[in-house]
Amino acid sequence: MTARLIDGKSLAQTLRRHIANEVATMDRSPGLATILVGDDPASAIYVSSKRRLCVESGMRDRHRLLPADASQRQVEDVIDDLNSDPDVDGILLQLPLPRHLDGQALIERIDPDKDVDGLTEASAGRLALGRPGLRPCTPSGVIQLLDSAKIHLEGAHAVVVGRSDLVGRPQAQMLLARDATVTICHRHTRDLASYTRDADIVVAAAGVPKLIGADHVKPGAAVIDVGIHRTDNGLCGDVDFDAVVEIAGYITPVPGGVGPMTIATLLRNTLTAAKLPARSKRAYDRYVVSRSGADEAATSASISAPI
């Protein structure tokens, strides 16, 4: 058996095309603000890709670049300004951040209605309770990949390898919401293969190169590889692709699988945020209050300044 490839690149292109078509019908183009602190090369490349695809989809690029030594307060001020700006519908704080910054505190500062990464506690709570909200991009992209391959989720046994807040935990919740029977495995799981061999669906998101091999997969299973690693032999994922492709029924490649869907889902989340009911007025009110406060401070400073 040779697994059928689930082409994330092609699906992402289709999704972005649909997004662009919908944006073209809107009275106001959605605005996406990316925040990059420092000059980490990998983060800079990733943000550049997001910005380029944002513009290609007809959205407005509201990028903010801060120096690597920016203080916690400086980043907070940028987030507060973007929260209050009615022309910004989505805010993405690029991770990882310089070590001196409290990343979780900064994420929590983002308005949940603009949290297009789906990482705030409010977004996580909405997901856990099954309430409407913005969902993490990578897990959402995985669900779309499974749906595109017409893989039946209801009643399927899905094993998620990894429990990060970014992928593993929300992925398990999304699969559970689709009535899959979900098992979460992690670094302390004993005999990992005994769990994954029983799975109809394996989502590998452990951050370990080629962790999932031929012995971990049931014949015909769907294997979704979230990992991406740079090695001396090129890029690879958490799955030993060459070994698993001969056993699985479906598999995502690395690159060209989950990665493109993550950015496409980010754009879809931005579009969703722009259409949230009553958000525009609430954001406008916050913006007016914020600007009036800034104007008052500036006026006060000019009055008290020595001549």
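The values are calculated or read from the model by the stated rules, or taken from the named source; none is laboratory data. Note that the structure is predicted; figures quoted are calculated from it, not measured. Positions of Cβ are backbone-derived with ideal geometry, glycine not excepted, and every protein chain shown enters the neighbour counts. Each accessible area value is taken on the protein alone, full model and side chains, heavy atoms only, with ligands, DNA and RNA left out. Shrake-Rupley method; radii C 1.70, N 1.55, O 1.52, S 1.80 Å.
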* **Extension gain, residue 194 back to residue 9 (0.36 nm per residue minus Cα-Cα distance, nm)** => 63.4 nm
* Structure fact -> Rounded to the angstrom and largest first, Cα extents along the principal axes for region 43-188 equal 47, 39, 29
* To do: With a point put 7 Å past each Cα toward its Cβ, work out how far residue 52 is from residue 27 in nm, to one decimal.
  => 3.5
* To do: Write down the accessible area per residue of the chain in Å², having rolled a 1.4 Å probe over the full set of protein chains.
  => 49
* In degrees, nearest 10, range 0 to 90: what is the angle between the Cα axis of helix 72-84 and the longest Cα principal axis of the chain? -> 90
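Please give the contour-minus-distance gain from residue 128 to residue 42: 0.36 nm per residue of separation, less the Cα-Cα distance, rounded to one decimal in nm.
Values: separation 86, 0.36 × 86 = 30.96 nm, distance 3.12 nm.
Contour length minus Cα-Cα distance gives 27.8 nm.
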* State the answer as a single residue: which of 78, 188, 8 lies farthest towards the positive end of the charge dipole of the chain, with beta carbon charges of +1 for Lys and Arg and -1 for Asp and Glu, about the Cα centre. => 8
* To do: Once you have all Cα-Cα distances for region 72-138, histogram them in 5 Å bins from zero and send the whole-percent values.
  => 3, 18, 28, 24, 17, 8, 2
* Charge dipole (debye, nearest 20) of region 5-62; +1 at Cβ of Lys and Arg, -1 at Cβ of Asp and Glu -> 100
* **At 0.692 mPa s and 37 °C, Stokes D of region 191-283 from Kirkwood alpha-carbon radius, µm² per second** => 222
* **Gap separating the Cα centres of region 16-60 and region 73-89, nearest whole Å** => 17
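Considering only protein heavy atoms and a probe of 1.4 Å, how much of the accessible area of the chain is carbon and sulfur, as a whole percent? All intermediate terms of the calculation are to be shown ahead of the outcome.
Details: 7960 of 15160 Å².
Roughly 53 percent of what the probe reaches on the chain is carbon or sulfur.
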* Could you grab the Rg to Rh ratio for region 102-159? Cα atoms only, Kirkwood for Rh. => 1.07
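Given +1 on the Cβ of Lys and Arg, -1 on the Cβ of Asp and Glu, and no further charges, what dipole in debye does the chain carry about its Cα centre, rounded to the nearest 20?
Working: 35 positive and 39 negative charges, 109 e Å.
Using Cβ point charges on Lys, Arg, Asp and Glu, the chain gives about 520 debye.
Ordered by packing density, taken as the mean number of other Cβ atoms within 10 Å over each peptide's residues, highest first, how do 83-93, 243-253, 147-157 rank? List each step's numbers first, then the result.
On the way: 83-93: 22.7, 243-253: 20.9, 147-157: 14.5.
Result, highest mean first: 83-93, 243-253, 147-157.
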* Add +1 for every Lys or Arg and -1 for every Asp or Glu among the other residues with Cβ under 11 Å from the Cβ of residue 178, and state the total. => -3
* What would the Debye formula give as log10 I(q)/I(0) at q = 0.10 Å⁻¹ for the alpha-carbon point model of the chain, no solvent? -> -0.59
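Using the alpha carbon gyration tensor of region 197-242, what are the three equivalent-ellipsoid semi-axes (square root of 5 times each eigenvalue), largest first, in whole Å?
Numbers: eigenvalues 78, 20, 11 Å².
Semi-axes from the Cα gyration tensor: 20, 10, 8 Å.
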* Asked: R0 = 30 Å: FRET efficiency of residue 215 with residue 176, Cβ-based, nearest 0.05?
  -> 0.65
* Asked: Going by alpha carbons, how many degrees (0 to 90, nearest 10) lie between the helix axis of 41-56 and the longest principal axis of the chain?
  -> 80
* Could you state the orientation-averaged shadow area of the convex hull built on the Cα atoms of region 138-239, in nm² to one decimal? => 6.3
